[in-house]
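J.: There's a structure below that I have some questions on.
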Amino acid sequence: MEFSNRYIVGFALVICLVCSLAVSSTAVALKDKQDANALLDMQTQILRVAGLVDADHKPSAEHAAELFSQIKVLKVSAETGEVLSEDWEFDPKAIIKAAKDQTTSEATTSEAASKARVNRIPKDLMVLHVTDPEKECFVFLLWGNGLWSTLYGYLAVEKDLQTVRGLTFYEQGETPGLGGEVDNPSWKAQWPGKKIFDDAGKVALTVTKFGQVKDPIHQVNGISGATITSKAVGNTMLTWLSEEGYGKFLKRGHANE
């Protein structure tokens, strides 16, 4: 049986339309579930770095929500370090997007300033305050350029606002086995107990080249074969913990301890 070109084209269009509708319907139907899974993953990363759950434990959505009820989402001014709100909406993606949009806007008026602010620090910072008296700490959202990707993570700091409790990167695309080792538990195990500031109040927390730690109080040993990624993590700490980032909040809080 032979078919005309018009028939063949029409049949193909109908098939494409049916498939498009099926894919769209599936995506809409799964969106709520996908959003819920993304939220659970983000909460789990925070609970782990804060020490509220073990590093290898994945809580249920109900358990994560229960534990997260002990966390205040603070809205902090990067300019002054003041807490503007203790009940901010937990939406890290919106904060990151706003910061990137802010940088894009600045680039039109000052390209040099835009390049200098590679970490895109937003004007309003999100600080998570774990209020459980036995686990009290603060968790800071941060990100920075690696060798091949942007590293997105959380730094947990003890209630003294000086001592690191933990670090995690929840998203990164560095070379597996090299820069990708920023997410290796053995490398992250170096961070707890490190001090952020030196005696002069300057940010001293950093990452050295592999095997070149001279100040174990403030320095973390870099990753073998991944000098650029190691340096990038150190630069990320310097940028976000400086007075351009969380520094003013950290120092205000530390002064009140």
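J.: Within the stretch 42-55, can you find the residues that are over 19 Å from Gln172 (Cβ atoms) and without any contact (Cβ under 8 Å) to a residue 24 or more places away in the chain?
T.: Those that are over 19 Å from Gln172 (Cβ atoms) and without any contact (Cβ under 8 Å) to a residue 24 or more places away in the chain: Leu47, Val53, Asp54.
J.: Among the residues of the stretch 145-165, is any closer than 24 Å to Glu243 by Cβ, among the acidic types (Asp, Glu) and assigned to a loop (DSSP other than H, G, I, E, B)?
T.: Yes, the conditions are met somewhere in the stretch 145-165.
J.: Report every pair of residues separated by at least 6 positions or lying on different chains whose Cβ atoms are under 7 Å apart, first residue within the stretch 227-251 and within 12 Å of Leu205 (Cα to Cα) and in contact (Cβ under 8 Å) with a residue 12 or more places away in the chain, second in a helix (DSSP H, G or I) and of a type in the set (Gly, Ala, Ser).
T.: Leu241/Gly247
J.: Kindly check whether there is at least one residue in the stretch 170-182 that is of a type in the set (Ser, Thr, Tyr) and surrounded by fewer than 15 Cβ atoms within 10 Å (Cβ to Cβ).
T.: Of the residues in the stretch 170-182, the ones of a type in the set (Ser, Thr, Tyr) are 170, 175.
If we keep only those that are surrounded by fewer than 15 Cβ atoms within 10 Å (Cβ to Cβ) too, we end up with none.
The answer is no, given that none of the residues of the stretch 170-182 is of a type in the set (Ser, Thr, Tyr) and surrounded by fewer than 15 Cβ atoms within 10 Å (Cβ to Cβ).
J.: Provide a single number: the residues in the stretch 121-169 that are buried (at least 21 other Cβ atoms within 10 Å of the Cβ) and charged (D, E, K, R).
T.: Qualifying residue count for the region: 1.
J.: Additional query: So which of Leu30, Leu40, Leu13 is assigned to a helix (DSSP H, G or I), hydrophobic (A, V, I, L, M, F, W, C) and at pLDDT below 75?
T.: On the way: Leu40 fails: at pLDDT below 75; Leu13 fails: at pLDDT below 75.
Criteria check complete, one pass: Leu30.
J.: Do we find a residue being at pLDDT 90 or above and part of a helix (DSSP H, G or I) anywhere in the stretch 48-56?
T.: Yes: one or more hits.
J.: A further question on this structure: If you check Thr108 against the conditions, is it of a type in the set (Val, Ile, Thr) and modelled with pLDDT of 90 or more? Reasoning before the result, please.
T.: Values: of a type in the set (Val, Ile, Thr): yes; modelled with pLDDT of 90 or more: no.
In short, no.
J.: Considering only residues that are surrounded by fewer than 18 Cβ atoms within 10 Å (Cβ to Cβ) and among the hydrophobic types (A, V, I, L, M, F, W, C), which ones fall in the stretch 54-72? Steps first, answer last, please.
T.: Taking the stretch 54-72 as the starting set, the residues that turn out to be surrounded by fewer than 18 Cβ atoms within 10 Å (Cβ to Cβ) are 54-58, 60-63, 65-66, 69-70, 72.
Across the stretch 54-72, the qualifying residues are Ala55, Ala61, Ala65.
J.: Within the stretch 180-201, how many residues are of a type in the set (D, E, K, R) and within 15 Å of Leu161 (Cβ to Cβ)? First the steps, then the outcome.
T.: Step one: filter the stretch 180-201 for residues of a type in the set (D, E, K, R), giving 181, 183, 188, 194-195, 198-199.
Subsequent filtering for residues that are within 15 Å of Leu161 (Cβ to Cβ) retains 194-195, 198.
Qualifying residue count for the region: 3.
J.: A follow-up question, please. Say we look at the stretch 71-85 and pick out the residues that are within 20 Å of the chain's Cα centre (by Cα) and assigned to a loop (DSSP other than H, G, I, E, B); which of these is nearest to Pro122 (Cα to Cα)?
T.: Of everything passing the filter in the stretch 71-85, Ala78 is nearest to Pro122 (Cα to Cα).
J.: Can you name the condition, by its number, that Pro185 falls short on among (1) at pLDDT 90 or above; (2) buried (at least 17 other Cβ atoms within 10 Å of the Cβ)?
T.: Every condition holds for Pro185 apart from (2).
J.: Does Phe210 meet the test of being over 17 Å from the mean Cα position of the chain (by Cα), outside any helix (DSSP H, G or I) and aromatic (Phe, Trp, Tyr)? Working first, answer last.
T.: Numbers: over 17 Å from the mean Cα position of the chain (by Cα): yes; outside any helix (DSSP H, G or I): yes; aromatic (Phe, Trp, Tyr): yes.
Judged against the criteria, Phe210 is a match.
J.: Name the single residue, out of those in the stretch 212-223 being in contact (Cβ under 8 Å) with a residue 12 or more places away in the chain and of a type outside the set (A, V, I, L, M, F, W, C), that is farthest from Thr163 (Cα to Cα). If you could, list the steps in order and put the result at the bottom.
T.: Of all residues in the stretch 212-223, those in contact (Cβ under 8 Å) with a residue 12 or more places away in the chain come to 217-223.
Now restrict to residues that are of a type outside the set (A, V, I, L, M, F, W, C): 218-219, 221-222.
Values: His218: 10, Gln219: 12, Asn221: 17, Gly222: 19 Å.
Going through the qualifying residues, I end up with Gly222.
J.: So is Gly177 modelled with pLDDT of 95 or more, assigned to a loop (DSSP other than H, G, I, E, B) and more than 23 Å from Ile121 (Cβ to Cβ) or not?
T.: On the way: modelled with pLDDT of 95 or more: no; assigned to a loop (DSSP other than H, G, I, E, B): yes; more than 23 Å from Ile121 (Cβ to Cβ): yes.
In short, no.
J.: Please enumerate the residues belonging to the stretch 204-215 that are of a type outside the set (A, V, I, L, M, F, W, C), out of contact with any Ser or Thr (no Cβ under 7 Å at 6 or more places or on another chain) and surrounded by 12 or more Cβ atoms within 10 Å (Cβ to Cβ).
T.: Applying the first criterion (of a type outside the set (A, V, I, L, M, F, W, C)) to the stretch 204-215 yields 206, 208-209, 211-212, 214-215.
Next, only the ones that are out of contact with any Ser or Thr (no Cβ under 7 Å at 6 or more places or on another chain) stay: 206, 208, 211-212, 214-215.
Of everything in the stretch 204-215, those that are of a type outside the set (A, V, I, L, M, F, W, C), out of contact with any Ser or Thr (no Cβ under 7 Å at 6 or more places or on another chain) and surrounded by 12 or more Cβ atoms within 10 Å (Cβ to Cβ) turn out to be Thr206, Thr208, Asp215.
J.: State all residues of the stretch 74-91 that are of a type outside the set (Gly, Ala, Ser), surrounded by fewer than 17 Cβ atoms within 10 Å (Cβ to Cβ) and under 18 Å from Gly245 (Cβ atoms); if no residue qualifies, say none.
T.: Residues satisfying the conditions are Glu79, Thr80, Glu82, Leu84.
The values are calculated or read from the model by the stated rules, or taken from the named source; none is laboratory data. Predicted model, so just to flag it, every value in this text is computed and none were measured. Backbone-built Cβ (ideal geometry, glycine too); neighbour counts: all protein chains shown.
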